[in-house]
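Values in this text are rule-based calculations from the coordinates and carry no lab data. Keep in mind that this is a model prediction, so the values were computed, not measured. Please note: Cβ atoms are built from the backbone with ideal geometry, for glycine as well, and neighbour counts cover all protein chains shown.
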Amino acid sequence: MSHGPLFKRRRLSPPEDRPRARKEDRDTTKDFYQHAARWNLEYDYEQRAHKGKKNVKESNRLPTKTLEGQVVQATPIAETVQDRDDDSFLGSGSEGDEDVKQQATEEHESKPQLSQRQQIVIAKEELARVAGLITENPEEHIGALNILAQHAASSNITIEKLALATQLAVYRDIIPGYRIRPASEDELRSKLSKEVKKLRTFEQALVQGYKEYVNDLAKTTRKSSTDVPEGLASLATVAISCACTLLNAVPHFNFRDQVLNILVDRMSSRIVDADFIRCREALETLFQNDEDGTASLEAVSILTSMMKSKRYHIDESVLNTFLHLRLLSEFAHKGSSKGIDKAEEGSTDGKRLKQKREFRTKRERKLLKERKVVEKELKEADAVVSHEERDKNQSEQLKLVFVAYFRILKARTPSLMGAVLEGLARYAHLINQDFFGDILEALKDLITDAETATNVDDGAHEEEFDENTARNFTRESLLCITTAFALLQGQDVAKSASALHLDLNFFTTHLYRTLLPISLNSDIELSAKSLHLPDPHAADSDPAANKKLRVNAQTTTVLLLRSLQAVLLPPTSVRSVPPLRVAAFSKQLVSSALHLPEKSCLATVGLMNTIAKTHGRRITALWHTEERKGDGVFDPLRADVEGSNPFASTVWEGEILRRHYCPKVSQGILALEKTVLESR
């Protein structure tokens with residue numbers, strides 16, 4: 001095997017430098033030995049830092065002897081790196097601690113704590129700036145809603161109030177006039193233009209922010225209680241006010257049910273305060289302004305559910321909100337708690353007529369279907385109220401209202417009887433005969449209870465109240481009579497009487513027997529809203545309690561006149577009233593006018609003039625004795641009206657009323673006698 005050519009090694013240092021290097025080495029060695037005697041090598045070795053013991057400090061502690069007899073050097077006390085650094089620089093650990101504290105104090109003073117007033121001023125400026133940006137261009141600055149939400153979570157109650165009010169103003173301005181529906185999966189996957197994508201992003205951010213705002217209002221309103229601090233209660237008041245404003249300003253927008261729950265939850269309490277009244281007025285405004293009935297239906301459903309869960313232990317003003325529904329004046333069908341009697345268009349005797357089917361090709365049917373979809377979308381865009389949709393919503397409202405009324409009527413809830421009777425009287429023209437019989441039976445039982453409570457047969461001359469139930473039985477009985485005859489006005493009386501086997505004279509007899517006791521009531525012209533001083537000698541002299549005992553806003557005189565007009569002047573047929581009934585009531589009315597106050601006396605005399613014009617020939621014998629055809633004795637306290645024998649007496653009270661201190665009463669009596677004389 002052949003080897004390659006060998007390479008010559010090169011020298012690393014020139015050969016001429018080697019003798020000089022050797023000379024330098026010799027001189028250095030000579031100097032070392034000459035000065036070595038003067039070196040202190042042991043001291044240098046002790047002062048040299050040993051390997052691995054750089055951080056070990058010399059111990060000044062005395063050695064200790066163990067139990068085995070070994071002498072052990074005590075270890076030094078452990079110190080922190082900070083202390084060593086302080087000692088090496090400043091020479092004292094205590095002085096280092098003081099400097100650290102001083103440095104922390106200087107850093108804390110560099111960021112001074114603001115006072116609450118300054119925080120509020122800064123928050124106001126920030127809220128105004130952010131609100132202005134969002135209102136100016138909502139699509140560009142919709143993300144700034146999070147900044148407002150952060151201020152609403154502040155620990156300062158004043159800032160939180162300002163943030164809630166600012167959010168309310170912003171949402172009122174930027175919420176569109178339509179309801180935003182969630183986008184479907186197909187729509188999310190589809191390609192969109194830049195403008196449509198920007199609009200969709202704005203809508204989704206708006207809905208999300210509005211949802212968080214409504215949830216924040218709901219959490220805050222739960223703090224409205226008597227056992228919470230005053231600051232939290234005022235914060236809850238602001239939240240309730242914001243919810244009421246939202247319901248009336250944007251009732252069409254998303255999360256309406258949550259806003260309604262906030263109001264209804266506050267109205268479930270029987271404590272009537274400013275927040276309660278604000279929620280009730282907001283609902284009444286919603287009922288009056290709702291055109292299509294969708295929002296009203298949702299509110300009525302939530303209200304009736306709340307009443308049922310509370311077992312109808314609520315304030316009567318909550319039930320009176322049903323009197324503000326638009327179906328009272330717009331709905332034209334009769335119904336009950338079970339259904340609505342609504343005749344279908346193009347039907348005969350409840351049967352739909354068979355329509356001739358028009359032949360269409362497959363293409364025509366497809367085009368017609370697409371056209372209907374487009375028309376529906378156009379109606380929604382134009383916000384056109386459909387009559388069919390409105391009737392459907394109002395039908396559901398009517399059923400829910402009747403269910404609530406009838407359940408309260410059967411449960412005999414004391415504090416709600418007046419509100420229920422007034423409501424049934426207002427809804428009388430919308431009640432069908434199937435529901436009519438049950439209501440009349442319930443009204444009859446109520447009047448029987450009123451007779452037992454007030455003890456009319458024993459001659460009680462004052463309006464008595466039950467302290468345990470807080471009920472005014474006299475007013476309730478008048479409301480029962482008014483309701484019964486209001487129901488009869490919209491029904492076939494003869495058919496109802498024969499089919500339901502009801503004694504319709506029961507209500508007339510009770511009204512006749514209560515005329516004289518009611519005329520002796522000193523508060524006959526006072527209502528729940530009247531301001532008057534209580535009787536100091538009465539058992540219950542609290543004016544607030546007297547106000548609560550009122551079951552209806554109308555005065556007792558108005559209720560009495562409504563009942564008398566329903567009995568004596570029915571709109572269906574005047575001839576259906578027997579002459580003995582007209583004469584007996586006329587005699588009692590003139591006798592009652594002697595005890596009534598001035599305004600009630602004028603109203604009674606005016607009613608008598610109307611009766612004389614309608615039934616003049618039937619009551620002429622009460623003023624002219626030569627035309628009398630009966631004999632016997634008149635009994636004003638007789639149980640039945642016809643058995644009182646009114647033609648055995650004369651209207652001698654007219655001579656006293658001629659000399660009444662009020663000139664209008666005297667003129668009214670003279671006009672009454674003139675009308676009777678002309679009708680002979």
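Starting from the Cα-Cα distance between residue 72 and residue 329, subtract it from 0.36 nm times their residue separation and give me the gain in nm to one decimal.
The span from residue 72 to residue 329 would gain 81.7 nm if fully extended.
Of 161/197; 124/197; 191/366; 599/674; 310/399, which pairs sit farther than 29 Å apart, going by alpha carbon to alpha carbon?
Check vs 29 Å cut-off fails for 161/197; 124/197.
Once the dipole of segment 115-257 is set up with Lys and Arg at +1 and Asp and Glu at -1 on Cβ about the Cα centre, which of 177, 123, 143 lies farthest towards its positive end?
Of the options given, the answer is 177.
Once fully extended, how much extra length lies between residue 154 and residue 673, figured as 0.36 nm per residue of separation less the alpha-carbon to alpha-carbon distance?
Full extension from residue 154 to residue 673 adds 179.0 nm.
Treat the count of other C-beta atoms within 10 Å as a stand-in for reagent exposure and order 171, 661 from fewest to most.
Least crowded to most crowded, the residues run 661, 171.
Mind jotting down the distance between the C-alpha centroids of segment 404-429 and segment 164-186, whole Å?
Distance between centres, Cα-based: 39 Å.
So what is the orientation-averaged projected area of segment 115-257, using the convex hull of its C-alpha atoms, in nm²?
Result: a mean projected hull area of 9.7 nm².
Grab the beta carbon distance between residue 388 and residue 662, set R0 = 41 Å, and tell me the FRET efficiency rounded to 0.05.
E between residue 388 and residue 662, to the nearest 0.05, is 0.15.
For segment 578-680, give the magnitude of the charge dipole about the Cα centre (Cβ charges: +1 Lys/Arg, -1 Asp/Glu; no others), in debye to the nearest 20.
300 debye
Based on the mean of other beta carbon atoms within 10 Å per residue, what is the order of 635-648, 283-296, most packed first?
By packing density, highest mean first, the sequence is 283-296, 635-648.
Among 481, 180, 447, rank each residue by its count of other Cβ atoms within 10 Å, from fewest to most, as a rough exposure measure.
180, 447, 481
Please list, in order along segment 129-145, the HN-Hα scalar couplings obtained from phi with the Karplus expression 6.51 cos²θ - 1.76 cosθ + 1.60 (θ = phi - 60°), rounded to whole Hz, x for Gly and Pro.
With the stated coefficients, segment 129-145 comes to 5, 5, 5, x, 5, 5, 5, 5, 8, x, 5, 7, 10, 5, x, 6, 4 Hz.
Label segment 578-680 by shape, choosing from rounded, prolate and oblate, from the square roots a ≥ b ≥ c of the eigenvalues of the Cα gyration tensor; if a/c is under 1.5 it is rounded, and otherwise prolate applies when a/b is larger than b/c, oblate when it is not.
Prolate.
Check residue 431: other-chain or 5+ apart residues with amide H under 5 Å from its amide H, H built from backbone geometry?
So residue 431 has HN proximity to 335.
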